[in-house]
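This report refers to the structure that appears directly beneath it.
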Amino acid sequence: LLTILACDEALHPDLLRPGSTLPNQRVFTQPGLEARRDEIAADLVAMGEEPESPTASAALFFGGRPVAGSRGIESEFGGSVVSKFQDLVAKLMADEAGALGQRGVVPNKSAATLHITNVVCGSFGFLLEEVEPQGEALDTSLKVAVDNAAQLLGAFSESSEDRFRAAVENIDQRVLATAQEFFSLMRTSGATFRLLAGDEDRSFGLDEVSRAAERASSTRVTETEERIEGQLGGVLPDAHQFEFRSESRGPIKGGIDRSVPASDLAELNRTLVNVAAVAVVKVRRVLRDGEAVRESFTLLRLEPQQEAPSES
């Protein structure tokens with residue numbers, strides 16, 4: 001379309017300007033050219049309004065030592081970096097489904113498979129896509145995982161430490177370890193890259209790769225189960241959120257395990273608000289160089305506090 005538009009404008013350089021006129025010898029061609037102009041403009045508008053595909057897609061462009069301009073990329077590096085990106089996506093998809101264990105095989109990994117559908121030039125890179133039948137109305141689980149992977153990798157290069165910590169607050173340690181492997185490979189290979197997926201368009205120069213690799217190697221996520229005494233402030237059943245007051249920890253807020261039905265949460269509001277209770281919570285901590293810099297809470301269950309037996 002742009003080529004046709006350029007050709008038409010080359011014939012009549014003033015045609016696309018409001019109020020323009022044509023020389024007399026070309027006046028008979030004006031209606032046809034104006035119709036073509038309007039058709040092209042409508043096509044461009046339609047292209048801009050075309051909805052984003054609901055299936056997964058990511059483009060990775062590489063530069064630096066492993067890349068020979070736009071001609072090629074070292075095969076060992078290219079295969080390894082695509083494999084680590086694929087592994088990151090698979091673990092994020094399993095984690096979102098609540099199926100990622102602390103170790104062992106990643107569940108349903110085949111459903112997270114991306115295909116290399118094209119080689120993208122400019123620098124050198126790959127287009128990775130989900131091979132699915134067309135006509136999906138909603139984003140697929142794989143698309144969500146790919147978009148989350150792009151956002152997570154972008155967070156590692158954030159100039160703001162607070163934004164980085166917020167981004168990794170809820171990720172699994174196995175996901176974090178895979179991100180570490182990805183950035184370690186990039187740094188040791190002297191590579192740079194640009195990643196496009198979903199709304200994310202992020203470029204990683206050598207400084208960004210170095211910052212991301214350092215953060216990934218010095219960050220760890222731990223999970224523990226704790227029992228905290230206090231009183232329930234209240235829950236939001238539909239949002240699966242809670243607030244709990246404790247003398248030992250102060251007020252804490254967080255999410256409620258999704259396995260707890262909303263009907264049970266409504267019952268907690270009726271029976272246990274401002275009542276002495278024990279909250280059994282999963283505490284997730286983000287550690288930087290061994291020091292806890294952020295923690296979050298997930299309520300697993302709430303138990304009425306047992307009264308101590310009276311002395312006879």
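Is it fair to say F244 is in contact with a Phe, Trp or Tyr (Cβ under 7 Å, 6 or more places away or on another chain) and not basic (K, R)? Give the derivation first.
Values: in contact with a Phe, Trp or Tyr (Cβ under 7 Å, 6 or more places away or on another chain): no; not basic (K, R): yes.
Spelling it out, it is not the case that F244 is in contact with a Phe, Trp or Tyr (Cβ under 7 Å, 6 or more places away or on another chain) and not basic (K, R).
With the requirement that a residue be out of contact with any Phe, Trp or Tyr (no Cβ under 8 Å at 6 or more places or on another chain) and closer than 18 Å to D147 by Cα, what does region 118-130 give you? Selection gives F126, L127, E129, E130.
Scan region 185-201 for residues that are open to solvent by 50 Å² or more (accessible area, probe 1.4 Å), touching a residue at least 12 places away in the same chain (Cβ under 8 Å) and part of a helix (DSSP H, G or I) and jot them down. Passing the criteria: only R187. Criterion first (under 20 Å from E200 (Cα atoms), among the aliphatic types (A, V, I, L, M) and either outside any helix (DSSP H, G or I) or touching a Ser or Thr at 6+ places or on another chain (Cβ under 8 Å) (or both)) does L142 satisfy it? Answer is yes for this residue.
Table: residues versus (1) in a loop (DSSP other than H, G, I, E, B); (2) in contact with a helix residue (DSSP H, G or I) (Cβ under 8 Å, 6 or more places away or on another chain); (3) polar (S, T, N, Q).
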site: E214; (1), (2), (3): no, no, no
site: R220; (1), (2), (3): no, yes, no
site: E225; (1), (2), (3): no, no, no
site: Q231; (1), (2), (3): no, no, yes
site: G234; (1), (2), (3): no, yes, no
site: D238; (1), (2), (3): yes, yes, no
site: S248; (1), (2), (3): yes, no, yes
site: K253; (1), (2), (3): no, no, no
site: L268; (1), (2), (3): no, no, no
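Selection of region 65-75 for residues being open to solvent by 40 Å² or more (accessible area, probe 1.4 Å), outside any loop (DSSP other than H, G, I, E, B) and in contact (Cβ under 8 Å) with a residue 24 or more places away in the chain yields only A68.
Just a yes or no: is a residue in region 163-173 of a type in the set (S, T, N, Q), open to solvent by less than 10 Å² (accessible area, probe 1.4 Å), outside any strand (DSSP E or B) and touching a residue at least 12 places away in the same chain (Cβ under 8 Å)? There is no residue in region 163-173 that is of a type in the set (S, T, N, Q), open to solvent by less than 10 Å² (accessible area, probe 1.4 Å), outside any strand (DSSP E or B) and touching a residue at least 12 places away in the same chain (Cβ under 8 Å).
One line per residue, one yes/no per condition, for (1) hydroxyl-bearing (S, T, Y); (2) surrounded by 14 or more Cβ atoms within 10 Å (Cβ to Cβ); (3) in contact (Cβ under 8 Å) with a residue 24 or more places away in the chain:
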{"position": "F182", "(1), (2), (3)": "no, yes, yes"}
{"position": "L206", "(1), (2), (3)": "no, yes, yes"}
{"position": "I228", "(1), (2), (3)": "no, yes, yes"}
{"position": "L232", "(1), (2), (3)": "no, yes, yes"}
{"position": "D238", "(1), (2), (3)": "no, no, yes"}
{"position": "S248", "(1), (2), (3)": "yes, no, no"}
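The single condition among (1) at pLDDT 90 or above; (2) within 17 Å of the chain's Cα centre (by Cα); (3) assigned to a helix (DSSP H, G or I) that V81 does not satisfy is (2).
Please enumerate the residues belonging to region 262-286 that are open to solvent by 20 Å² or more (accessible area, probe 1.4 Å) and under 27 Å from the mean Cα position of the chain (by Cα). Let's see the steps before the verdict.
Pass one, region 262-286, residues open to solvent by 20 Å² or more (accessible area, probe 1.4 Å): 262-264, 266-271, 273-276, 282, 284-285.
Of everything in region 262-286, those that are open to solvent by 20 Å² or more (accessible area, probe 1.4 Å) and under 27 Å from the mean Cα position of the chain (by Cα) turn out to be K282, R284, R285.
When region 208-223 is filtered for residues that are open to solvent by less than 30 Å² (accessible area, probe 1.4 Å) and charged (D, E, K, R), only R215 remains. L185 passes every criterion in (1) over 20 Å from P66 (Cα atoms); (2) of a type in the set (A, V, I, L, M); (3) assigned by the TED database to the domain that holds V106 apart from (1).
The values are calculated or read from the model by the stated rules, or taken from the named source; none is laboratory data. These numbers come from a predicted model, not from an experiment. Quick reminder, even Gly has a Cβ in these numbers, built from the backbone with ideal geometry, and neighbours come from all protein chains shown. Each accessible area value is taken on the protein alone, full model and side chains, heavy atoms only, with ligands, DNA and RNA left out. Shrake-Rupley method; radii C 1.70, N 1.55, O 1.52, S 1.80 Å.
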